[in-house]
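A quick write-up on the structure given underneath.
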Amino acid sequence: MRFSQLFTKTSKNVPADETAKNAKLLIQAGFVHKEMAGVYTFLPLGLKVLNNIANIVREEIDAIGGQEVLMPALQLKAHYETTGRWSDEVVDDWFKTKLVNGTELGLGFSHEEDLTPLIKNFITSYKDLPIAVYQVQTKFRNELRSKSGLMRGREFLMKDMYSFALTQAQHDEFYLKSQAAYTNVFKRLGIGESTFMTFASGGSFSKYSHEYQTLSAAGEDTLYLSRAKGIAINKEVYTDEVLAELGIERASLEEVKGIEVGNIFSLSTKFSEPFKLTTNDEMGEPMTIIMGCYGIGISRLMGTIAELLSDDKGLIWPENIAPAKVYLARLGDSPEVVKQADELYNRLTTANISVLYDDRNARPGQKFADADLMGIPQRVVVSDKTVQTQTYELKARTSQEATNVSLEDLLKTLGD
């Protein structure tokens, strides 16, 4: 990527209509554009970050046997009438629409009612189970308040997965695999140390559901955290009974705020029963299939990471989700400087090292400020000074000092 070819720009101005830190930084850095409250366009650099996050999620979910599909966002009223969830009194955050002929449709907020009847076409034996199907798809929810930037959207990207098992034991086995996969996701995204599995209400399906909450003062949920056990309890289930069951002393807990970045629910047979999703077991006895639901907010994660991993200069992306690994700043336009910077850009690109090449006619201070604001992990400078010494100035985003290195050492550092 050459900066001069990007249609987007950075901005020194803080968006007046945003209160959330993540939204302010992402807009100023040219990663997103706000269309309306809770609705954002992902610009070229922002889309790279979003896709990088989604691909990490995909890799971990694929590793436990998840199979990816892509389902329609438009949803049939009849499916939701089957489960009793079409009424606004039951689900109060839907967007709904109509075809020209008056047929009512829902705009996807979740997909249990869509996937369950679809799965009926493919499960013909107990040997077909267990299976887990997921998608990475845009969801729509008619939030009353959308003032937390990407962390509470009306239109957002989500990974939603649904598991289907013959027995409770089969379901529980996959449920535990999903917990491990979620832990891996948050570690790889750089927020593993501040993200905790949280016991929350299981509703009518099970005693508990499990949320994944990232600690942040910007969070909307109140949690009670046991650092010793590495778990938290949502305020909604914070009772003496729960504390006793988990073996936690009330005095050992600290009250914190969290951002819910993922959740896991046991659904039991709530959706399989209305759709008559059954199959015979090994003895030929009919069994109603047991389901689970597993969500991760992809765009919410992007907002959460921006909220946590940033400083007074801008964003600090982990290397594996940054829009580029290297910010190459060319200072000056003498033939020697241009030649050396162009050659390095081509060499890095050939080596599959992602690079944003700032080839603009702009002041050094502006380029350095943009590099910090965008949160690119490594900054490399080519200037008249570096050309004379046949070195390159290298500085990590989190470092205070720059060092001059040879081409060999530069390539070795950036290639690690």
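Taken together, the values in this text are just the output of simple stated rules run on the coordinates, not laboratory data. Predicted, not measured: the structure shown is a model, and the values here were computed from it. Cβ coordinates were reconstructed from backbone atoms using ideal geometry, including for glycine residues, and neighbour counts include every protein chain displayed.
Starting from the Cα of Thr269, step 7 Å toward the Cβ, then list every residue of the range 158-197 with an amide N under 19 Å from that point. Under cut-off, by backbone N: 163-173. Restricting attention to the range 277-378, close to 50% of DSSP beta bridges with both partner residues there are antiparallel. Per residue, the average separation of C-alpha pairs within less than 8 Å and at least 6 apart gives the chain a relative contact order of 16 percent. For the range 263-304 versus the range 325-373, the inter-centroid distance based on Cα atoms is 50 Å.
For the chain, a Gaussian network of Cα nodes joined below 10 Å ranks Thr279, Thr103, Thr391 by mean-square fluctuation, and the top entry is Thr103.
Here are a few candidate values for Cα extents along the principal axes in Å: (i) 63, 55, 35; (ii) 81, 61, 46; (iii) 61, 44, 41. Which one was actually calculated from the structure I just gave you? Label (ii) holds the value from this structure.
At 0.36 nm per residue, and after removing the present C-alpha to C-alpha distance, how many nm does the segment from Ala402 to Asn13 gain when stretched out fully? All intermediate terms of the calculation are to be shown ahead of the outcome.
Details: separation 389, 0.36 × 389 = 140.04 nm, distance 2.76 nm.
Stretched out fully, the Ala402 to Asn13 stretch lengthens by 137.3 nm.
Given 0.36 nm per residue, what is the gain on full extension from Thr278 to Asn142 after removing their alpha carbon distance, in nm? Intermediate values should be presented prior to the final figure.
Details: separation 136, 0.36 × 136 = 48.96 nm, distance 3.36 nm.
Between Thr278 and Asn142, full extension yields an extra 45.6 nm.
With a 10 Å Cβ neighbour count serving as the proxy for reagent exposure, in which order, fewest first, do Leu308, Leu47 appear?
Numbers: Leu308 19, Leu47 14.
So the residues, fewest neighbours to most, are Leu47, Leu308.
Remark: the range 9-311 carries a charge dipole of roughly 1140 debye about the Cα centre, counting +1 on each Lys and Arg Cβ and -1 on each Asp and Glu Cβ. Using R0 = 45 Å, the C-beta based FRET efficiency linking Ser4 and Leu70 works out to 0.80.
Kindly give the semi-axes, whole Å and largest first, of the ellipsoid equivalent to the range 326-415, taking each as the square root of 5 times a Cα gyration tensor eigenvalue.
On the way: eigenvalues 54, 51, 34 Å².
Equivalent-ellipsoid dimensions as semi-axes: 16, 16, 13 Å.
At an R0 of 56 angstrom, the distance between the Cβ atoms of Thr349 and Val100 translates into a FRET efficiency of 0.70. When each of the peptides 349-362, 323-336, 119-132 is scored by the mean number of other C-beta atoms lying within 10 Å of its residues, the order from highest to lowest reads 323-336, 349-362, 119-132.
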